[in-house]
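First the structure, in the form of structure tokens, and then the observations on it.
The values are calculated or read from the model by the stated rules, or taken from the named source; none is laboratory data. Nothing here was measured: the structure is a model prediction, and the numbers come from that model. Every residue, glycine among them, receives a Cβ derived from its backbone with ideal geometry; neighbour counts consider all protein chains shown.
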Amino acid sequence: MAGTSGLTKVGIVGSGIMGAGIVEVVATAGFDVIVRARTEEGAAAVVAQVTSRLARSVERGRLEQAEADAVIARITHTSHLGDLAGCDLALETVIEDLEVKRRLVGELDEILDPAAVIATNTSTLAVVELAVATSRPDRVCGLHFFNPATAMPLVEVVSPVTVAESTIQLVERFAADCGKETVRVADRAGFVVNALLFPYLNAAIALAERGVASRVDVDRAMRGGCNFPMGPFELLDLIGLDTTLRILETLHRETGDPSSLPHPELRRLVAAGHLGRKTGRGFLEHGS
Ligand SMILES: NC(=O)c1ccc[n+]([C@@H]2O[C@H](COP(=O)([O-])OP(=O)(O)OC[C@H]3O[C@@H](n4cnc5c(N)ncnc54)[C@H](O)[C@@H]3O)[C@@H](O)[C@H]2O)c1
């Protein structure tokens, strides 16, 4: 058992940008972690990514080798969802698609102990829709980590109308055990951060497309003029353009606000498979 939450074993489903980061955060906090991807290779790749990030920290003198070894020893990987049976908490981090997530939480519900908590890392989807796909809606909530999960201090704790206060308190203790600060948010598209951030990112695309400044200069302007650590195009490429498109579509569907109507240039890049850092090219070019 690690920390104050009383949780022992945590299952992470999904091996993308967020899954890999969250596995590292949770294992570093002292929990046993099992990561599940759809393929053995995908699951093993998460462990390889965490291993190489920790090796860099050891090289830079930020971490002892023994600590890195201990973190890696706490991580197991699988392609079988059934292997998550012994987890007290399962956090899904798969593609931002309601049907995929609904199916997944339904399967988790059948596998996990009835007392276990199921959480979602969704950015915008209605958590209540996932809660009611299980037999334990009082133990389903959102735990919205930010990208990169290893560096960003915040986790939004999302309370669907179905959740029990005891579940929220438990996941807040878990997030604190992971070294994160939490903000409780209502189950509304975009919660706090993305409801404010994504209309801004969408507006940056429109601004550059109108020729006000190049993408690179828009980024320089927002770094230098607002002291933001990254410009909007750097951030869009870090998030992933496919994920950005899905988030804007959900925000627009729920709010009707034209500021979240995805810019056509975003759609074009996604159609071309230019998804950002994860494919080497998005709004900007990225070296390997
Ligand atoms: N990228 C971000 O900045 C960010 C930040 C916070 C939250 N999120 C949320 O985290 C979740 C994952 O985002 P990501 O950026 O890690 O995405 P990603 O594209 O890096 O990874 C998506 C994962 O989903 C899996 N997947 C794809 N299709 C699937 C299917 N049909 N069935 C099961 N699994 C499938 C992929 O194999 C991969 O493991 C999404 O809900 C996203 O909204 C993303």
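Read through the list (1) assigned to a loop (DSSP other than H, G, I, E, B); (2) within 14 Å of the ligand (Cβ to nearest atom), then give the number of the only condition that PHE283 fails.
(2)
Every residue, every condition in (1) in the same structural domain as THR134 (by TED's automatic domain parsing); (2) not in a helix (DSSP H, G or I), yes or no:
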{"site": "THR162", "(1), (2)": "yes, yes"}
{"site": "ALA175", "(1), (2)": "yes, no"}
{"site": "THR182", "(1), (2)": "yes, yes"}
{"site": "PHE198", "(1), (2)": "no, no"}
{"site": "LEU235", "(1), (2)": "no, no"}
{"site": "HIS252", "(1), (2)": "no, no"}
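Only one of ARG53, ARG38 is among the charged types (D, E, K, R), closer than 25 Å to LEU154 by Cα and at pLDDT 95 or above. Can you tell me which? Spell out the reasoning first.
Details: ARG38 fails: closer than 25 Å to LEU154 by Cα.
Sole residue among the options that is among the charged types (D, E, K, R), closer than 25 Å to LEU154 by Cα and at pLDDT 95 or above: ARG53.
State which residue is farthest from the chain's Cα centre (by Cα) when the search covers only the range 59-98 and only residues that are loosely packed, with under 15 Cβ neighbours inside 10 Å and within 12 Å of the ligand (Cβ to nearest atom).
Ranking the candidates gives ASP97 first.
Regarding the range 220-229, can at least one residue be identified that is surrounded by 14 or more Cβ atoms within 10 Å (Cβ to Cβ), within 16 Å of the ligand (Cβ to nearest atom) and under 30 Å from GLU129 (Cα atoms)?
No, the range 220-229 contains no residue that is surrounded by 14 or more Cβ atoms within 10 Å (Cβ to Cβ), within 16 Å of the ligand (Cβ to nearest atom) and under 30 Å from GLU129 (Cα atoms).
Is it true that HIS263 is more than 22 Å from ILE17 (Cα to Cα) and within 16 Å of the ligand (Cβ to nearest atom)?
On the way: more than 22 Å from ILE17 (Cα to Cα): yes; within 16 Å of the ligand (Cβ to nearest atom): no.
So HIS263 fails the test.
Looking at the range 99-111, which of the residues that are under 23 Å from ALA20 (Cβ atoms) and either free of Cβ contacts under 8 Å to residues at least 60 places away in the same chain or within 15 Å of the chain's Cα centre (by Cα) (or both) is farthest from the ligand (Cβ to nearest atom)? Lay out the reasoning, then the answer.
At the first step, the residues of the range 99-111 found to be under 23 Å from ALA20 (Cβ atoms) are 100-101, 103-105, 107-108, 111.
In the following step, the residues that additionally are either free of Cβ contacts under 8 Å to residues at least 60 places away in the same chain or within 15 Å of the chain's Cα centre (by Cα) (or both) were identified as 100-101, 103, 105, 107, 111.
On the way: VAL100: 4, LYS101: 7, ARG103: 8, VAL105: 12, GLU107: 10, ILE111: 15 Å.
The extreme case among them is ILE111.
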